[in-house]
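A short worksheet on the structure shown next.
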Amino acid sequence: MSSDSKPKLYEFAGSCWANVPKLAIAEAGYPTDDIEWVSINLAEGANFNPDFLKINPQGTVPTLVIGDQTWTDSTRDHQASSSPSPSLRTHQHKHYRGGESGGRRDLVFILIVIVIVVVIVIVIVVVIVIVIVIVIVIVIVIVIVIVIVIIHAAAHDPNATLLIATDDEDRKEKANGLPKGFLEGRQKALDKYAPEAPEEFKAFLQRKQQENKQLLDFYVTEPDAQLKAKIYEKGQQLWKSAGIAIRGVITQALKKNEGPFAAGDTPSEVDFHIITWLARTITNTGVEPGSPSSVAIPKLQQKTGGHGFDPVIAKYWDTWIERESFKSNKLH
Ligand SMILES: N[C@@H](CCC(=O)N[C@@H](CS)C(=O)NCC(=O)O)C(=O)O
């Protein structure tokens, strides 16, 4: 496959959501050579380069380009593989002329009526079964979409739990670790691109420049007590919401079948979103990426308010961390 005709996946090894299509590709056994992988270094703010903004004006990864079509959100990636509606076919109806048999018209008439009634009943039953199947499929699709939308909610965004401190100790750790370095790298890029960017991206970049600077300042200067309280409140709220998502929608999704995955014994699209989010959320608790549930779950419980989780969560996590797609993509 020539590089021009290959699907192009813009991603970053440290990106949480880019793991959704990466897992889907690995689980489907799609040859990685058939994809052109383009790394957008988020820690250096490469996503704010106007050249990338022309491809995805939100400046986020994953971004998938196939031919002249672009997908800029992992929650819509599945559309890339959806097939077009089947074309309608015209049916030719043949008309037959019925014959008559001598003096038994009434009997023939009754038989014809019975046949017609039986055919009508069969047609009605088939239509009802088809409608029930369609309704079940629609309900399943709606539930999957709802779960995916909830997992992606800003209320427990894993990029926010990574960057927003919950207390003084957490602030100190973030100020001495990856979050501060990440914010600094972005700031450098934003300070460079915002003034010289084409008009269409200026407002977006200036807003990002301001927001990023506020958070960076929180770590590199000594904030006043009021700002600290405001940020910590936001950080705690994010973890509380993460706990609600795990104990609510994720547990429900995993308990629908025997498990360990949402749809049974093989991972499906909804799992790629759940595990991507869970892996980053667990890493954000401070444990080593890919730690077993005996280590990860108690820490996750503590961060999300202390209440227990249903055992399906630990089972789900331990199943995923052993999976090749999880390991090869270094989910964290
Ligand atoms: N809803 C989007 C979110 C994508 C997203 O926020 N990606 C992060 C990396 S995990 C990103 O590119 N952030 C760059 C930024 O916000 O500056 C999706 O699922 O694709």
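The values are calculated or read from the model by the stated rules, or taken from the named source; none is laboratory data. Please read all numbers here as calculations on a predicted model, not as lab measurements. Here the Cβ is made from the backbone with ideal geometry for all residues, glycine too, and neighbour counts use every protein chain on show.
Go through the stretch 254-298 and count every residue that is within 16 Å of the ligand (Cβ to nearest atom) and either in a helix (DSSP H, G or I) or β-branched (V, I, T) (or both). Write out each step before concluding.
Keep residues of the stretch 254-298 that are within 16 Å of the ligand (Cβ to nearest atom), which gives 269-284, 289.
Then keep just the ones that are either in a helix (DSSP H, G or I) or β-branched (V, I, T) (or both); that gives 269-284.
Of the residues in that region, 16 qualify.
So which residues in the stretch 279-306 are within 22 Å of Q236 (Cα to Cα), of a type outside the set (K, R) and touching a helix residue (DSSP H, G or I) at 6+ places or on another chain (Cβ under 7 Å), if there are any at all? Step through it out loud before you land on a result.
Filtering the stretch 279-306 for residues within 22 Å of Q236 (Cα to Cα) gives 279-289, 295-306.
Now restrict to residues that are of a type outside the set (K, R): 279, 281-289, 295-298, 300-302, 304-306.
Correct list: T281, I282, N284, T285, G286, V287, P289, A296, I297, L300, T304, G305.
Going residue by residue through the stretch 267-280, is there one that turns out to be over 13 Å from I148 (Cα atoms), touching a residue at least 24 places away in the same chain (Cβ under 8 Å) and among the hydroxyl-bearing types (S, T, Y)?
Keep residues of the stretch 267-280 that are over 13 Å from I148 (Cα atoms), which gives 267, 279-280.
From what is left, the residues that are touching a residue at least 24 places away in the same chain (Cβ under 8 Å) are 267, 279-280.
Those still in the list that are among the hydroxyl-bearing types (S, T, Y) too: none.
Scanning the stretch 267-280, I find no residue that is over 13 Å from I148 (Cα atoms), touching a residue at least 24 places away in the same chain (Cβ under 8 Å) and among the hydroxyl-bearing types (S, T, Y), so the answer is no.
Listed here are the residues, each with its yes/no results for (1) assigned by TED's automatic domain parsing to the domain that holds N284; (2) of a type outside the set (S, T, N, Q); (3) under 17 Å from N329 (Cβ atoms); (4) in contact with a strand residue (DSSP E or B) (Cβ under 6 Å, 6 or more places away or on another chain).
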| site | (1), (2), (3), (4) |
| --- | --- |
| A13 | no, yes, yes, no |
| A18 | no, yes, yes, yes |
| L42 | no, yes, yes, no |
| L53 | no, yes, no, no |
| P57 | no, yes, no, no |
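For the condition away from the ligand (no atom under 13 Å from the Cβ) and touching a residue at least 40 places away in the same chain (Cβ under 8 Å), what is the one hit in E27, E11, E44? Break it down stepwise before answering.
Values: E11 fails: away from the ligand (no atom under 13 Å from the Cβ); E44 fails: away from the ligand (no atom under 13 Å from the Cβ).
That would be E27, the only listed residue that is away from the ligand (no atom under 13 Å from the Cβ) and touching a residue at least 40 places away in the same chain (Cβ under 8 Å).
Out of the residues in the stretch 29-59 that are assigned to a helix (DSSP H, G or I) and touching a Ser or Thr at 6+ places or on another chain (Cβ under 9 Å), state the one that is surrounded by the fewest Cβ atoms within 10 Å (Cβ to Cβ).
Of all residues in the stretch 29-59, those assigned to a helix (DSSP H, G or I) come to 32-34, 42-44, 46-48, 50-53.
From what's left, touching a Ser or Thr at 6+ places or on another chain (Cβ under 9 Å): 42, 46-47, 52.
Details: L42: 23, A46: 21, N47: 22, F52: 19.
Looking at the filtered set, the residue picked out is F52.
Does T161 satisfy the condition of being within 16 Å of the ligand (Cβ to nearest atom) and of a type in the set (S, T, N, Q)? Explain how you work it out, then say what you get.
On the way: within 16 Å of the ligand (Cβ to nearest atom): yes; of a type in the set (S, T, N, Q): yes.
Considered against the rule, which asks whether it is within 16 Å of the ligand (Cβ to nearest atom) and of a type in the set (S, T, N, Q), T161 comes out as yes.
Please work out which one of (1) of a type outside the set (A, V, I, L, M); (2) farther than 20 Å from S15 by Cβ; (3) in contact with a Pro (Cβ under 7 Å, 6 or more places away or on another chain) is the condition T283 fails and give its number.
Condition not satisfied by T283: (2).
Looking only at helices (runs of 4 or more DSSP H) that lie completely in the stretch 148-213, which have at least 1 residues being modelled with pLDDT under 95? Give the steps one after another, and end with the answer.
Details: elements: 158-163, 168-175, 178-196.
The helices (runs of 4 or more DSSP H) meeting that bar are 178-196.
So, of the residues in the stretch 18-28 that are surrounded by 23 or more Cβ atoms within 10 Å (Cβ to Cβ) and within 18 Å of I40 (Cβ to Cβ), which turns out to be farthest from the chain's Cα centre (by Cα)? Don't jump to the end; show me each part of the working.
Here is the first cut: in the stretch 18-28, the residues surrounded by 23 or more Cβ atoms within 10 Å (Cβ to Cβ) are 18-23.
Restricting the remaining residues to those that are within 18 Å of I40 (Cβ to Cβ) gives 18-22.
Details: A18: 9, N19: 9, V20: 6, P21: 9, K22: 11 Å.
Of everything passing the filter in the stretch 18-28, K22 is farthest from the chain's Cα centre (by Cα).
Name the residue, out of E169, E233, E211, E173, that is within 30 Å of I150 (Cβ to Cβ) and more than 29 Å from the chain's Cα centre (by Cα).
E169
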